[in-house]
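The next block holds one structure in the form of structure tokens; read it before the comments.
The values are calculated or read from the model by the stated rules, or taken from the named source; none is laboratory data. Just so you know, these numbers come straight off a predicted model, no measurement behind them. Backbone-built Cβ (ideal geometry, glycine too); neighbour counts: all protein chains shown. The area values use the complete protein model at the heavy-atom level, side chains included, leaving out ligands, DNA and RNA. Shrake-Rupley method; radii C 1.70, N 1.55, O 1.52, S 1.80 Å.
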Amino acid sequence: MQEGLGALTSLEHLKLSIRDITQLSEDEDVQLPPLPALTCLELDDTQVPVQLAGLPALAELRLEGGDGSADLLASEPAPQLRHLSCRVAELSVDLEMLPGLTAACFAPYTHLDGPASIEAATALARLELWDIERHASSALELLCSLPPTLTSLALQGDWPAEAAEVMGQMTGLAALALGNSWEKELKAPPAEAPDWAGLRAFGWSVNGMYGDELNLPQGLRQASRLEALQCHMWRYTMEDTELLCSLPALRKLILTTAFLRLDGDEGRAALVASEPAPQLRHLVGLAGRLSADFSALPGLGYAALNARQQLDQPASLAAATALTCLELYDSVTYRDYDWDLKLLQSLPPAVSCLRLHGDWPPETILLLEEMKGLRALALDYWDPKNTLLPPVGALLWNRLRAFSWSCCKMYAERYNLPQGLRRSSQLEALQACLVKPNTQDMELITSLPGLRKVVIAHDNEDLDDPHCADARSIVQRALPHVALVEDEVLESLDFFEWAFA
């Protein structure tokens, strides 16, 4: 390594990964050569000691290694290192030798020769702690040992309530960013904590199963100096809006949501955008009445809507040019209203995946034939009197690459797979929810020349049904190259993603 890298005296950025150094003989010393111009070094799963004396220009160091260890060696003060990012289990470093270190990012499981050693980083102004899960106690120790110079703190994951209390006492903080992991609740400092009064910037990112339950932290009501606020939440309530409007110094505000759900069969919902909102990518709008201008959503890629919904601007869906997947759900509550066919008539050409759920009218079948870009179709029907399907000779069957078929359980025994599938020479993925698949179904499935993925299931309540088990066995013997999913029924969005993966 010395001879190879040593020739690169002008190298400024190096990313190095050595997966296995155990095969080297004991007398072989693996170390970096002096690199006088190097300003950024990334070591990935590489247990190579870093001699700062040989890296006089190194300003940024990133260490990745999971359960590994790293040695950061300095025989004299190394003020050149200003940014340290570390995701290894153990880091040997004397932070007193890094008087220029102003920013650091640690995984909470990183052992720093004792968490209190962080106090020695007397210039540290910004700290990020990520992936706080099983090592929450270590993160708490680290928070309790921070130097008074710290003005910016970011935490991601799940920390104990005690950590929120500690954050609340950090009166020197000017910026605080908090984000939870997918299955953990996001904890903020108490509303009466003194740190809120000094904050000038705050970030709040809510993810996962607690998204519907959390509002903006009430401590923000004390943030009289707050100038910048960035929030990512599943939904914003009137309480949140009132809080935002009460912040006297707020000058910069970013509110985002990647997933917006508007529910309520009897309810009304309005999606308001005074200018294009490209950040919204996923919309579930199942409210009885929805006011939305889809032309203001240029980034919308997925939408699930109430098919009998009363929309004020259904034709504007044509302007959602990024929309690739649409699901239309029937509503028992609104059976007195017709399907809003303007939704299907206004689909942008990018739509390639469509799911129809419930009891669709005959006009729907004609509209399906006009969708030249449709490549994946899922049909879930309720009514035994309504088995409306594209005719066997429809060109739609030739275009499909993925198809999912299911019906109300109480009527499912009466129906077989649609015979139009015999024309689906390009079909690669098929999901068939059948109560009693018969010989005709098996003959049809095994005749599809392009088939690569198959789900044959009863329903989510009886995945081990013997009829479906026998059917899977027949298909696997007849089509050994086909991948069979045996233990789950894929919901529409999951099915589409699986089909085209």
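Measure off 7 Å from each Cα along the Cα-to-Cβ vector at residue 310 and residue 185, then give the distance between these two points in nanometres to one decimal.
Computed distance between label sites residue 310 and residue 185 equals 3.9 nm.
Where does each of 161-174, 315-328 land if you order them by average Cβ count within 10 Å, highest first? Can you show the working numbers first?
Numbers: 161-174: 17.4, 315-328: 19.6.
Top of the packing list down: 315-328, 161-174.
List every residue whose amide H lies under 5 Å from the amide H of residue 377, counting only residues 5 or more places away in sequence or on a different chain, with H placed 1.01 Å from N in the peptide plane.
Under 5 Å from the amide H of residue 377 lie the amide H atoms of 354, 402, 403, 404, each far enough along the sequence or on another chain.
With a 1.4 Å probe and all protein chains kept in place, how much accessible area does residue 122 have, in Å² rounded to the nearest 10?
Solvent-accessible area, nearest 10 Å²: 90 Å².
Heavy atoms of the protein only, probe of 1.4 Å, neighbouring chains included. What is the accessible area of residue 360 in Å², nearest 10?
The accessible area of residue 360 comes to roughly 10 Å².
So how much slack lies between residue 42 and residue 273, counting 0.36 nm per residue of separation and subtracting their Cα-Cα distance, in nm?
Values: separation 231, 0.36 × 231 = 83.16 nm, distance 4.22 nm.
In short, 78.9 nm is gained.
How far apart, in nm, are the 7 Å Cα→Cβ label points at residue 476 and residue 246?
Reported label-point gap for residue 476 and residue 246 is 6.1 nm.
If the chain between residue 145 and residue 425 were fully stretched, how many nm would it gain, using 0.36 nm times the residue separation less the Cα-Cα distance? All intermediate terms of the calculation are to be shown ahead of the outcome.
Numbers: separation 280, 0.36 × 280 = 100.80 nm, distance 6.56 nm.
Result for the pair: 94.2 nm of gain on full extension.
Residue 111 label point, 7 Å along Cα→Cβ, cut-off 20 Å on backbone N: hits in region 34-54?
Label zone hits: 45-50.
May I ask you to derive the FRET efficiency for residue 161 and residue 498 from their Cβ-Cβ distance with R0 = 35 Å, giving the value to the nearest 0.05?
0.35
Grab the beta carbon distance between residue 392 and residue 227, set R0 = 60 Å, and tell me the FRET efficiency rounded to 0.05. Present the calculation step by step, with values, prior to reporting the outcome.
Details: r = 65 Å, r/R0 = 1.08.
The pair residue 392/residue 227 has a calculated efficiency of 0.40.
For a quick check: with amide H placed at 1.01 Å from N, whose amide H comes under 5 Å from residue 456's, ignoring anything fewer than 5 positions away on the same chain?
For residue 456, the qualifying residues are 432, 485.
Roughly how many nanometres apart are two label points built 7 Å out from the Cα toward the Cβ at residue 17 and residue 171?
Using points 7 Å along Cα→Cβ, the separation is 4.8 nm.
Report, by chain and number, residues whose modeled amide H sits under 5 Å from the one on residue 300, excluding near sequence neighbours (fewer than 5 apart, same chain).
Excluding prolines and chain starts, which carry no amide H, the hits are 322.
Would you mind getting me the FRET efficiency between residue 197 and residue 103? Use the beta-carbon distance for r and R0 = 22 Å, nearest 0.05. Don't skip to the end; give the middle numbers.
Numbers: r = 24 Å, r/R0 = 1.11.
Efficiency for this residue pair is about 0.35.
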